[in-house]
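Asks: One structure follows; several queries about it will come next.
The values are calculated or read from the model by the stated rules, or taken from the named source; none is laboratory data. Treat the numbers as computed from the prediction; the structure is a model and nothing was measured. Please note: Cβ atoms are built from the backbone with ideal geometry, for glycine as well, and neighbour counts cover all protein chains shown. Note: areas computed on protein heavy atoms with side chains; ligands, DNA, RNA excluded. Shrake-Rupley method; radii C 1.70, N 1.55, O 1.52, S 1.80 Å.
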Amino acid sequence: DTEVTQTPKHLVMGMTNKKSLKCEQHMGHRAMYWYKQKAKKPPELMFVYSYEKLSINESVPSRFSPECPNSSLLNLHLHALQPEDSALYLCASSLRGGGTGSSYEQYFGPGTRLTVT
Amino acid sequence: AQKITQTQPGMFVQEKEAVTLDCTYDTSDQSYGLFWYKQPSSGEMIFLIYQGSYDEQNATEGRYSLNFQKARKSANLVISASQLGDSAMYFCAMRAPTNAGKSTFGDGTTLTVKP
């Protein structure tokens with residue numbers, strides 16, 4: 001199983017709503033990532049979890065709150081978002097974090113297209 | 001700091017022909033990994049091919065090959081026998097020890113395959 005799943009595929013939320021994005025992998029990977037991607041731009045790293053601990057936070061606003069309940073699951077809790085937060089949110093996983101070899105290739109999920117109204 | 005440069009915002013290729021997507025990189029690390037990803041309009045990023053900085057041979061994966069020229073710091077992706085399904089955005093990325101845990105991405109190249 002080389003799949004990363006993400007739910008929901010699409011999400012429309014108001015600026016006062018609270019919602020969560022979910023990501024799951026069953027490849028035994030111990031590093032998981034959240035990226036934000038605007039149209040026709042490269043993905044921007046938001047958070048990295050390594051062995052279920054937050055290892056990188058790229059100065060993301062607190063209205064985004066990540067959570068890693070176990071080694072297979074990654075959540076992104078959303079609260080009081082702004083319209084400029086509308087984007088494709090990609091989850092990825094890799095065998096481990098921090099390496100440069102081929103086993104550190106990232107497997108990406110299909111993404112959640114978020115629209116904030 | 002690491003930097004990836006993809007100078008071709010858009011490329012066109014005729015079906016069944018080969019195409020080269022350019023990627024140059026900058027890093028002071030001696031050990032690093034270079035990756036190419038494909039992103040169709042559906043959004044999912046698909047890993048295509050990997051080249052390690054110490055690999056002596058160019059990487060190949062099916063119709064994909066990587067033309068690695070270390071001295072020139074270039075890692076161009078070659079797609080042979082293009083297919084309509086190859087139309088997508090292509091990103092070159094790098095991982096290096098001084099940027100541990102992070103991939104540096106280029107701005108991407110949009111490839112359109114014409115029938």
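A quick yes/no check of all residues on (1) touching a helix residue (DSSP H, G or I) at 6+ places or on another chain (Cβ under 7 Å); (2) open to solvent by less than 20 Å² (accessible area, probe 1.4 Å):
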| site | (1), (2) |
| --- | --- |
| B:Cys23 | no, yes |
| B:Gln51 | no, yes |
| B:Asn58 | no, no |
| B:Lys73 | no, no |
| B:Gln83 | no, no |
| B:Cys92 | no, yes |
| B:Arg95 | yes, yes |
| B:Asn99 | no, no |
| B:Lys114 | no, no |
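Asks: Which of the numbered conditions does B:Glu15 fail, given that it passes all the others? Conditions: (1) within 22 Å of A:Leu95 (Cα to Cα); (2) more than 12 Å from the chain's Cα centre (by Cα); (3) modelled with pLDDT of 95 or more.
Replies: With respect to (1) within 22 Å of A:Leu95 (Cα to Cα); (2) more than 12 Å from the chain's Cα centre (by Cα); (3) modelled with pLDDT of 95 or more, B:Glu15 is out only on (1).
Asks: Then there's this: Taking the stated definitions as given, is B:Ala81 assigned to a loop (DSSP other than H, G, I, E, B), more than 9 Å from every other protein chain (Cβ to nearest Cβ) and hydrophobic (A, V, I, L, M, F, W, C)?
Replies: In short, yes.
Asks: What residue, among those in the stretch B:96-115 that are outside any loop (DSSP other than H, G, I, E, B) and more than 13 Å from the chain's Cα centre (by Cα), is farthest from B:Asp55 (Cα to Cα)?
Replies: Only one residue fits best here, namely B:Lys114.
Asks: Now a separate question. Give all pairs with beta carbons closer than 7 Å in which a residue from the stretch B:92-115 that is within 19 Å of A:Ser50 (Cα to Cα) meets a residue that is among the charged types (D, E, K, R); count only pairs at least 6 apart in sequence or on separate chains.
Replies: B:Ala96/B:Asp29; B:Pro97/B:Asp29; B:Thr98/B:Asp29; B:Ser103/B:Arg95; B:Thr104/B:Lys3
Asks: Does the stretch A:87-117 hold any residues that are crowded, with 16+ Cβ neighbours inside 10 Å and either more than 14 Å from chain B (Cβ to nearest Cβ) or among the acidic types (Asp, Glu) (or both), and which are they?
Replies: Answer for the stretch A:87-117, where residues must be crowded, with 16+ Cβ neighbours inside 10 Å and either more than 14 Å from chain B (Cβ to nearest Cβ) or among the acidic types (Asp, Glu) (or both): A:Glu105, A:Val116.
Asks: Within the stretch A:73-85, can you find the residues that are over 30 Å from A:Gly28 (Cβ atoms) and open to solvent by 30 Å² or more (accessible area, probe 1.4 Å)?
Replies: Hits for the stretch A:73-85 are A:His79, A:Ala80, A:Gln82, A:Pro83, A:Glu84.
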